[in-house]
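Worksheet for the structure shown next.
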Amino acid sequence: MSPVLDGIRVVELGSGALSPQPGQTLGDLGAEVVKVEHGARGGALRPVDRQAVDNDLMAPAFAAANRNKRSICVDLATPGGEDVVRRLVERADVLLHDHGAPCIERLALGHADLAGGHPRLIHASISSAGSIGSTAAPAGHELLAQATSGLTHTGCGRGGHLPRSLPGTPVIYAASALLVQGILGALLERGRSGRGQEVTVSLFDTALAMQGSEVASLSMYGRSPGWDDLGYRATFTTRDGTVTVVGVVDADALGPLCRELGVDDLTERAEFSTPYLQARNGEAATALLAPAVAELTNLQALEVFETAGLACAPRLGLRTLLDGSRVGAGPLLVDVDVAGQPAAQLPRHPVRMSRSRAQTGRGVPALGQDTENVLAELGFVPGEIRALAGVGAIRPDADREIRSAANYV
């Protein structure tokens, strides 16, 4: 069975950290993705890991978001480079980018510029700004997007905890998924109307949407949702690990748990007498139960919590998770070829379909490794390709040049 986006051509024109993830997702679903990189170092994610770069290896952040793509290296500041990109776009179904408006306007690659001559094109962009205007975070900056959207304050709970950023790049990942959702919707609508359209998403708008329940609670009732009051929850340290426990909403959690642990029933105390009070005073209850749980192994603690009717799970570090045989030998990771070095095990596309499978047909490309082949497919003859390389409009051997450069950082 062919992938769902078989035959769809995507041009990923992005210099930042925002466009790679949606481009990879479209590639995973079967689209032909050509990644246009420019400058001496290519995409912003290529040099982000100094230790890898110093050893002539690929940055993990780049490898994680750039499989199933071909890479061409083009200097967009040259007429020849601009011509290459325009010819790529002419045959594309989707133009995906994370450039700011000034750059796109200078290149005449905005939706208004292209819609007349290419009415079927889906023009998709991802940015950090969105609704925050002049206070927008720099392109691709996850931490500032979280800060300006209120996400760092959401979920701080009681006890005067300072606002803190979520680890990783959850907003970029969510925004990327939403942009792909918009692109797929636009492709579906194009099948009916025959016309493309512009699709945009921003980190700010995404981060705000991720707080839907909090926004609704504040706008409707002027207060936070009160997640801490929904049920008892805690994290316990055991003899050999850590376990997280979540009680059922509006149900007695401490009574059954005390019985299974063989300790005094905390529900006989006024501050723990109801499910609501158990949730409100959860930290105090956890401190009282912690010594008993600390004597158990993780497996013993999990059995106790499950018998008490509490949802529970071991709290695993990512290294522990990846080292576990049930993950390494299972479907969560997939071997991906990485240009110039051994294959890497990376998370597979999380969507499962019964007939159409996500693909990993192409590995992670070296910078500019497909430049000559892609240009030949566009109709450039060998003499024209040599001429473009001679004036610096393209860099067919960009990756080899970079790896030999002493100032590559």
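Here's the yes/no breakdown for (1) surrounded by fewer than 17 Cβ atoms within 10 Å (Cβ to Cβ); (2) under 20 Å from T238 (Cβ atoms):
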{"site": "G262", "(1), (2)": "yes, yes"}
{"site": "L288", "(1), (2)": "yes, yes"}
{"site": "L302", "(1), (2)": "no, yes"}
{"site": "C312", "(1), (2)": "no, yes"}
{"site": "V338", "(1), (2)": "no, no"}
Requested in this report: Would you mind finding the one in H161, H118 that is at pLDDT 95 or above, over 24 Å from the mean Cα position of the chain (by Cα) and not polar (S, T, N, Q)?
Outcome: H118
Query - Inter-residue pairs, beta-carbon under 8 Å, first free of Cβ contacts under 8 Å to residues at least 40 places away in the same chain and in the range 255-270, second open to solvent by 70 Å² or more (accessible area, probe 1.4 Å) and among the basic types (K, R), 6+ apart - result: D265/R259
Query raised in the report: Tally time: how many residues in the range 237-255 are open to solvent by 30 Å² or more (accessible area, probe 1.4 Å) and either more than 17 Å from L296 (Cβ to Cβ) or out of contact with any strand residue (DSSP E or B) (no Cβ under 9 Å at 6 or more places or on another chain) (or both)?
Result: 8
Query raised in the report: Is it the case that some residue within the range 225-235 is among the aromatic types (F, W, Y), open to solvent by less than 70 Å² (accessible area, probe 1.4 Å) and within 30 Å of I122 (Cβ to Cβ)?
Result: no
Requested in this report: Could you please tell me which pairs satisfy a Cβ distance under 8 Å, a separation of 6+ or placement on different chains, a first residue in the range 1-24 that is more than 27 Å from C103 (Cβ to Cβ), and a second residue that is open to solvent by 20 Å² or more (accessible area, probe 1.4 Å) and among the small types (G, A, S)?
Outcome: P3/A358
Query raised in the report: Only one of (1) hydroxyl-bearing (S, T, Y); (2) in contact with a helix residue (DSSP H, G or I) (Cβ under 8 Å, 6 or more places away or on another chain); (3) at pLDDT below 95 is not met by S176, so which one is it?
Result: (3)
Query - Subset of the range 295-319 (residues that are touching a helix residue (DSSP H, G or I) at 6+ places or on another chain (Cβ under 9 Å) and among the aliphatic types (A, V, I, L, M)) - result: L296, A301, V304, A308, L310, A311, A313
Query raised in the report: Residues T371, T297, T320: which one is at pLDDT below 90 and not small (G, A, S)?
Result: T320
Requested in this report: For S213, state whether it is surrounded by 14 or more Cβ atoms within 10 Å (Cβ to Cβ), out of contact with any helix residue (DSSP H, G or I) (no Cβ under 8 Å at 6 or more places or on another chain) and without any contact (Cβ under 8 Å) to a residue 60 or more places away in the chain.
Outcome: no
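The values are calculated or read from the model by the stated rules, or taken from the named source; none is laboratory data. None of these values were measured; they are calculated from a predicted model. Methodologically, a virtual Cβ is constructed for each residue, glycine included, from the backbone with ideal geometry; neighbour enumeration extends over all protein chains shown. These accessible areas exclude ligands, DNA and RNA; they are computed on the full protein's heavy atoms, side chains included. Shrake-Rupley method; radii C 1.70, N 1.55, O 1.52, S 1.80 Å.
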